[in-house]
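J.: Let me begin by handing over the structure; questions about it come next.
The values are calculated or read from the model by the stated rules, or taken from the named source; none is laboratory data. In this text the structure is predicted, and so the values were computed from the model without any measurement. For neighbour counting, all protein chains shown are included, and Cβ atoms are generated from backbone atoms with ideal geometry for every residue, glycine included. Heavy atoms of the whole protein, side chains included, go into the accessibility calculation; ligands, DNA and RNA do not. Shrake-Rupley method; radii C 1.70, N 1.55, O 1.52, S 1.80 Å.
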Amino acid sequence: MKKLYIIALSVLFSSLVYSQDAARNWTVQMTADVQESPAEITLNWLSNEQTTPDTYLIWRKEKGATGWGSTIATVPSTTTSYTDNTVEVGVSYEYQVQLRQSSTIYGWGYINTGINVELPANRGDLLLIVDNTHSTGLATEIAQLEQDLYRDGWMVTIMEVDPAMNTEDLRDDIIDMNGDLDNLTALYLLGHVPVPYSGDLYPDAHPNHEGAWPADVYYGELNGIWTDATVNNTVAAGTRNDNVPGDGKFDQSQLPSGLELQVSRVDFYDLPVYSESEEDLLRNYLTKAHEFKMAEYVPMEKGLVDQGGFTGMAEGFAQNGFRNFTAFFGDANVDHQDYWSNLDTADYLWSYGCGAGSFTSAGGLDDGSSLTSAEIAAGDSKGAFTMLFGSYFGDWDITNNLMRVAVANGKTLSCSWAGRPNWNYHTMALGDNIGYSAKISQDKNSDYLWLNLGGGFVTGEGVHVALMGDPSLRMYYIIPPTDVSVITSDVADISWSASTDVTVEGYNIYRRTPTSLWTKVNSSMVTGTSFTDETPDEAETYEYVVKSVRTKTNSSGVFYNESLSSESAFGTFYASTSEWGAPKMNIYPNPSEGVFTIDAMEKIDLLVVTDMQGRIIYEIKPGQKTAQIDLSEVGQGAYLAQLKINGYKTVKKLIVQ
């Protein structure tokens, strides 16, 4: 039950090709109502206009589990709801509902739902791979990005690479990094990071576009065998897609094994349709992504679908919009209107558009006319997340590519080529990051269905499936608290200024040591602006952060949404709990340009300097009352000096200007 084979499309073609809306027919458009006591989840779906299928089959699994197992229910096709009373509060569930006649699948849908689900405190290690031609010019923005990622539960490692680097060498470095890090989960490719090419495929159904396509999934698949020996194809109109043995382009059209990592890219190389430079476009993107994460820009919770001229096509490409958006917003908040004239004026959280394409255009998406890269560049999209589909432009590594131009524009944060195959964004409804959605949409042996057209089309598991945008992005953010402080004795008394977000209901407090993961220390939401941590271990140093919390209810379920921890709180809540009242000492100048002097009343036994993520960058055993630290080569920012003096442990913050 891994994928929908071509026979299903063939059987349905005669009835769907003339349908007013094949996209809706392929879709079980689901929402969910949840109840805490007694715990139950009720799935609701819209009636499907097809008359042949007679049964809905329902599966359930915990989010992230592999395989759907056996069905939990089967109901007649005249039914439009199902109540599951075997659920637990706080558990994130995924449901799949298929519309069938015997073994033939006529439609399907997914929803991620739950009752009072909490966001994870720790999201894993993220490897930020930066095009080194921009590392200096974007140093400020990259530092802000690193902080934002860290404050959302990611442990960040930065790798700078030359755009001309060999892709095999880069993958080897990623494999090495996967061995070094505790839990490498995501890759964020920033800039024109080397682009792998692979395959002998034409998923847009144009034989003159057959050959190797860009294949970022190559970096996220760490165990399979990639070869460059068998494909010998030069039929494509552009030589960029040629693939011959030994040319550095791989043979595989589909993933050789399952993905280990989430992979996404922000790349504005070769977009002369914009007057801004590549670096300025990257800067603009990083700025708008930061503003979105800080809830400075909050789009309306609605979806927009424009099928261009593809409404009657049997594949129903816009099923990607209807399936995901109904689960997010409910059918009443999914507008079926013109793509560009609405996005240029209205701030939709999600949008979908499809139409006959070229590398730089999609037909029918601009009041019935083609939407071009030039028109997008001249406009100002208010939409946040988008999906586009049409011929050619899914092959994104080309001048003024439509998808990359879209992500560079206005408020747009991400874009995927959604139609061959389908994209499964449904887990974002309960606070998941978009990189997870990319991984389950790209993965081999996926638990999610797609239309398999056979032949050289290559849809599901194809190496071409790619996400443009920051992989850490979530759909919902709120404004963080500010001015956090901590007073230590035998406990840690934490206080802060309330978030300015009027929707905030309370706060969560987290702590970690320089070598541990985050742990929430409050058992229930704190509604005031102070909290006492009475459970610190002896002889340990903690970092405390505070996040705003709001109960978020949408068409999928209920979860506790959180802000990033505020910048002013980040890295300032450290206290020693071994002995309170360490010997007097002084560090000066602080801030400095990198050189600090430490004078203590007693001998300094150990001095360790770490960055704000706990990574040791400097360590000495002075054995005297005075010591000097030279951080002039490590870069501007905040660091922590941990000192052991006569059995006492103390921590001081250092600022390098």
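J.: Filter region 375-409 for residues that are in contact (Cβ under 8 Å) with a residue 12 or more places away in the chain, hydrophobic (A, V, I, L, M, F, W, C), open to solvent by 20 Å² or more (accessible area, probe 1.4 Å) and not in a loop (DSSP other than H, G, I, E, B) and give the result.
T.: ALA377
J.: Oh, and also: Between a residue in region 552-563 that is without any contact (Cβ under 8 Å) to a residue 24 or more places away in the chain and any residue that is of a type outside the set (Lys, Arg), which pairs come within a Cβ distance under 9 Å, given they are 6 or more apart or on different chains?
T.: Matching pairs, first to second residue: THR553/VAL34; THR553/PHE559.
J.: While we're here: Taking region 416-470, which residues are over 26 Å from SER563 (Cα atoms) and part of a helix (DSSP H, G or I)?
T.: If the condition is that a residue be over 26 Å from SER563 (Cα atoms) and part of a helix (DSSP H, G or I), then SER441, GLN442, GLY455, GLY456, PHE457 are the ones that fit.
J.: Right, another one. Going residue by residue through region 246-254, is there one that turns out to be farther than 25 Å from TYR219 by Cα, open to solvent by less than 20 Å² (accessible area, probe 1.4 Å) and either modelled with pLDDT under 95 or outside any helix (DSSP H, G or I) (or both)?
T.: no
J.: Are any of the residues in region 183-192 part of a loop (DSSP other than H, G, I, E, B), open to solvent by less than 10 Å² (accessible area, probe 1.4 Å) and either closer than 20 Å to PRO421 by Cα or among the aliphatic types (A, V, I, L, M) (or both)?
T.: Within region 183-192, not a single residue is part of a loop (DSSP other than H, G, I, E, B), open to solvent by less than 10 Å² (accessible area, probe 1.4 Å) and either closer than 20 Å to PRO421 by Cα or among the aliphatic types (A, V, I, L, M) (or both).
J.: Out of everything in region 122-178 that is of a type in the set (S, T, N, Q) and outside any loop (DSSP other than H, G, I, E, B), what residue ends up being surrounded by the fewest Cβ atoms within 10 Å (Cβ to Cβ)?
T.: Checked region 122-178; the qualifying residue surrounded by the fewest Cβ atoms within 10 Å (Cβ to Cβ) is THR140.
J.: Please go through region 519-541 and give me each residue that is in contact (Cβ under 8 Å) with a residue 40 or more places away in the chain and either under 14 Å from GLU118 (Cα atoms) or of a type in the set (Val, Ile, Thr) (or both), ordered by number.
T.: Of everything in region 519-541, those that are in contact (Cβ under 8 Å) with a residue 40 or more places away in the chain and either under 14 Å from GLU118 (Cα atoms) or of a type in the set (Val, Ile, Thr) (or both) turn out to be THR519, LYS520, THR529, THR532, THR541.
J.: Still on this model: Of the conditions (1) in a helix (DSSP H, G or I); (2) open to solvent by less than 10 Å² (accessible area, probe 1.4 Å); (3) hydroxyl-bearing (Ser, Thr, Tyr), THR412 satisfies every one except a single condition; which number is it?
T.: Only one criterion is unmet by THR412, namely (1).
J.: Same structure again: Take the residues in region 193-213 that are open to solvent by 10 Å² or more (accessible area, probe 1.4 Å) and hydrophobic (A, V, I, L, M, F, W, C), then tell me which one is nearest to the chain's Cα centre (by Cα).
T.: VAL195
So that you can scan it fast, the table gives a plain yes or no per residue for (1) at pLDDT 85 or above; (2) touching a Phe, Trp or Tyr at 6+ places or on another chain (Cβ under 6 Å); (3) more than 19 Å from PRO536 (Cβ to Cβ):
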position: LEU564; (1), (2), (3): yes, no, yes
position: GLU567; (1), (2), (3): no, no, yes
position: GLY571; (1), (2), (3): no, no, no
position: SER576; (1), (2), (3): no, no, no
position: GLU579; (1), (2), (3): no, yes, no
position: ALA582; (1), (2), (3): no, yes, no
position: ASN586; (1), (2), (3): no, no, yes
position: GLU593; (1), (2), (3): yes, no, yes
position: ILE616; (1), (2), (3): no, no, yes
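J.: Among the strands (runs of 3 or more DSSP E) confined wholly to region 261-368, which include 2 or more residues that are open to solvent by less than 10 Å² (accessible area, probe 1.4 Å) and out of contact with any His (no Cβ under 6 Å at 6 or more places or on another chain)?
T.: 262-266, 300-306, 348-354, 361-366
J.: Tally up the residues in region 623-634 that are touching a residue at least 24 places away in the same chain (Cβ under 8 Å) and open to solvent by less than 100 Å² (accessible area, probe 1.4 Å), please.
T.: 7
J.: Go through region 510-541 and give me each residue that's open to solvent by 80 Å² or more (accessible area, probe 1.4 Å), more than 24 Å from ARG123 (Cβ to Cβ) and either part of a strand (DSSP E or B) or touching a Gly at 6+ places or on another chain (Cβ under 9 Å) (or both).
T.: THR527
J.: Right, next: Mind listing whichever residues of region 121-134 are closer than 30 Å to LYS547 by Cβ and more than 22 Å from the chain's Cα centre (by Cα)?
T.: None - no residue of region 121-134 is closer than 30 Å to LYS547 by Cβ and more than 22 Å from the chain's Cα centre (by Cα), so the list stays empty.
J.: If you go through region 471-490, how many residues are in a loop (DSSP other than H, G, I, E, B) and open to solvent by 30 Å² or more (accessible area, probe 1.4 Å)?
T.: Qualifying residue count, region 471-490: 3.
J.: State yes or no: is SER441 in contact with a Phe, Trp or Tyr (Cβ under 9 Å, 6 or more places away or on another chain), open to solvent by less than 30 Å² (accessible area, probe 1.4 Å), free of Cβ contacts under 8 Å to residues at least 40 places away in the same chain and not aromatic (Phe, Trp, Tyr)?
T.: Spelling it out, SER441 is indeed in contact with a Phe, Trp or Tyr (Cβ under 9 Å, 6 or more places away or on another chain), open to solvent by less than 30 Å² (accessible area, probe 1.4 Å), free of Cβ contacts under 8 Å to residues at least 40 places away in the same chain and not aromatic (Phe, Trp, Tyr).
J.: If you don't mind, another one. Test ASN112 against the stated conditions and say whether it is closer than 25 Å to SER441 by Cα, of a type outside the set (Asp, Glu) and outside any strand (DSSP E or B).
T.: Judged against the criteria, ASN112 is not a match.
Conditions (1) of a type in the set (Gly, Ala, Ser); (2) at pLDDT 95 or above, marked per residue:
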position	(1), (2)
GLY107	yes, yes
TYR110	no, yes
THR113	no, yes
LEU119	no, yes
LEU128	no, yes
SER135	yes, yes
LEU138	no, yes
GLN147	no, no
ASP173	no, yes
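J.: Something else now. Of everything in region 598-622, what is open to solvent by 70 Å² or more (accessible area, probe 1.4 Å) and farther than 27 Å from LEU181 by Cα? Give them in sequence order.
T.: Matches in region 598-622: MET601, LYS603, LYS621.
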